[in-house]
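Notes follow the structure.
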Amino acid sequence: MPQSSFFAKSVPFDQIDKLAITGGYSSIYAAQQPNLTVVGNWEQRFCRLADTFQPVLDRVYNFEVREDDVWIVTLPKCGTTWMQELAWLLINDCDFKTAKEVDLTLRSPFLEFNGVVQNVPHDTIEAADALSSPRLIKSHLPAWLLPHQIWSKKPKIIYVYRNPKDAAISYFHHWRGMVGYQGTKADFMHSFIDGYVNFTPCWPHILDFWQLRHEAHVFFTSYEQMKENLGEVITEVARFLKRNISPRQVQHLTEHLSFESMRDNPACNHVKEFESMKAATGREVEEFRFVRRGVVGSHKDELTADLIGEFDLWSDVNLRDYKLHIDDFANYSKYNSK
């Protein structure tokens, strides 16, 4: 085993100076062939991350996985919190009382959050390791940077896709609120397309899990499916997790997971993460709602026609070799293929 599971190549500052990033930024490459098949040549695959992630990536890669874990993996702003709450309630027999009283970040840690902000009060890797089974763990990392034991022990993985145009808009507002970005929306959109925000490039991240969608331990769904028919997605996730659920419980879950309920539930609004970031950075950042609009197609009233055209061309270039369209991801259902 090499001394490190990855190596980093610094990104020139002029390529990321508009993102208001404190410190360096790097392209992270695998130091050895991943023990899963990735899209494209693994030696050329990279993930862009702030340099604050580098001290934690090997710890994440060597994290002790349990076979009864459930992992929520997404790109940022793709319905991660929504699916975390859904899955946690299914795993914990619809314990709505605890779900309202205990912060979701404690019930389902964001594994690599120590890399988002250094010197956070609680080590999220230690917190995840200390959880009682079955654990629910969140990550935004691409498949090949996740703990390597995931691919041998094969715990359940739930991957949530979202139209990148909507995800980018939501990420822009998140970057303003959590990072303190003061730049233009257009500059941020170009940074997203070019893969200069944390956890990008986008399409390889999605395609790795798309090619795994038929595996028994992988559940691929979309933000769009959750918006269109939340009750059906709840039922499918329960089936995937082998949890019995009654029609009445589906109704209660649908009410608890409604946009209005999630928006107004402090336990699901990442208050502790927000406070940790403010404390660690020692500066004030703009107050905002983590659960913001929850609209499918929000890019239509926030992006110019030119930017929408750039996004569409970018998606086409990345998907044409696989004969895929963005609707293929949004409409996919593991048990009721359309």
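Condition (residue is touching a Lys or Arg at 6+ places or on another chain (Cβ under 6 Å), modelled with pLDDT of 95 or more, under 29 Å from Ser4 (Cα atoms) and not small (Gly, Ala, Ser)) applied to region 205-225: is it met by at least one residue? Yes - at least one qualifying residue is present in region 205-225. The number of residues in region 216-233 being small (Gly, Ala, Ser) and either closer than 17 Å to Asp328 by Cα or buried (at least 21 other Cβ atoms within 10 Å of the Cβ) (or both) comes to 1.
Checked against the criteria, Asp17 does not count as out of contact with any helix residue (DSSP H, G or I) (no Cβ under 8 Å at 6 or more places or on another chain) and in contact (Cβ under 8 Å) with a residue 40 or more places away in the chain. Of the residues making up region 55-86, those that are of a type outside the set (A, V, I, L, M, F, W, C) and touching a Phe, Trp or Tyr at 6+ places or on another chain (Cβ under 8 Å) are Asp58, Tyr61, Thr74, Pro76, Lys77, Gly79, Thr81. Cβ separations smaller than 7 Å between residues 6+ apart or across chains give the following pairs from region 186-198 residues that are closer than 15 Å to Tyr25 by Cβ and touching a residue at least 24 places away in the same chain (Cβ under 8 Å) to residues that are polar (S, T, N, Q) and crowded, with 18+ Cβ neighbours inside 10 Å: Phe192/Thr200; Val197/Ser191.
Summed over region 73-110, residues that are out of contact with any helix residue (DSSP H, G or I) (no Cβ under 9 Å at 6 or more places or on another chain) and either among the β-branched types (Val, Ile, Thr) or under 24 Å from Leu57 (Cβ atoms) (or both) total 2. Is it fair to say Phe188 is surrounded by 22 or more Cβ atoms within 10 Å (Cβ to Cβ) and more than 15 Å from the chain's Cα centre (by Cα)? When the stated conditions are applied, Phe188 passes them. Look at (1) farther than 14 Å from Phe329 by Cβ; (2) more than 14 Å from the chain's Cα centre (by Cα) and you find that His140 fails only one, number (2).
If you filter region 54-97 down to residues that are under 14 Å from the mean Cα position of the chain (by Cα) and assigned to a helix (DSSP H, G or I), you find that the one that is surrounded by the most Cβ atoms within 10 Å (Cβ to Cβ) is Met83.
Limited to region 13-33, what total is found for residues that are modelled with pLDDT of 85 or more and in contact with a Ser or Thr (Cβ under 9 Å, 6 or more places away or on another chain)? The number of residues fulfilling the criteria is 7. Could you please find all residues in region 146-169 being in a helix (DSSP H, G or I) and either out of contact with any helix residue (DSSP H, G or I) (no Cβ under 9 Å at 6 or more places or on another chain) or at pLDDT below 90 (or both)? Of everything in region 146-169, those that are in a helix (DSSP H, G or I) and either out of contact with any helix residue (DSSP H, G or I) (no Cβ under 9 Å at 6 or more places or on another chain) or at pLDDT below 90 (or both) turn out to be Ser152, Lys153. In region 65-81, the residues that are under 15 Å from Thr200 (Cβ atoms) and touching a residue at least 40 places away in the same chain (Cβ under 8 Å) form no Cβ pair under 8 Å with any partner that is among the basic types (Lys, Arg) and surrounded by fewer than 23 Cβ atoms within 10 Å (Cβ to Cβ), whether six or more places apart or across chains. Return yes when Glu43 is part of a loop (DSSP other than H, G, I, E, B) and either in contact (Cβ under 8 Å) with a residue 12 or more places away in the chain or in contact with a helix residue (DSSP H, G or I) (Cβ under 9 Å, 6 or more places away or on another chain) (or both) and no when it is not. No, not satisfied. Scanning region 111-124 for residues that are in contact with a helix residue (DSSP H, G or I) (Cβ under 6 Å, 6 or more places away or on another chain), touching a residue at least 40 places away in the same chain (Cβ under 8 Å) and either of a type in the set (Ser, Thr, Tyr) or surrounded by 22 or more Cβ atoms within 10 Å (Cβ to Cβ) (or both) yields Leu111, Glu112, Phe113, Asn114, Gly115. Restricting attention to region 79-130, the residues that are on the phi > 0 side of the Ramachandran plot and of a type in the set (S, T, N, Q) total 1.
The values are calculated or read from the model by the stated rules, or taken from the named source; none is laboratory data. Quantities reported herein were computed from a predicted structural model and do not represent experimental measurements. Backbone-built Cβ (ideal geometry, glycine too); neighbour counts: all protein chains shown.
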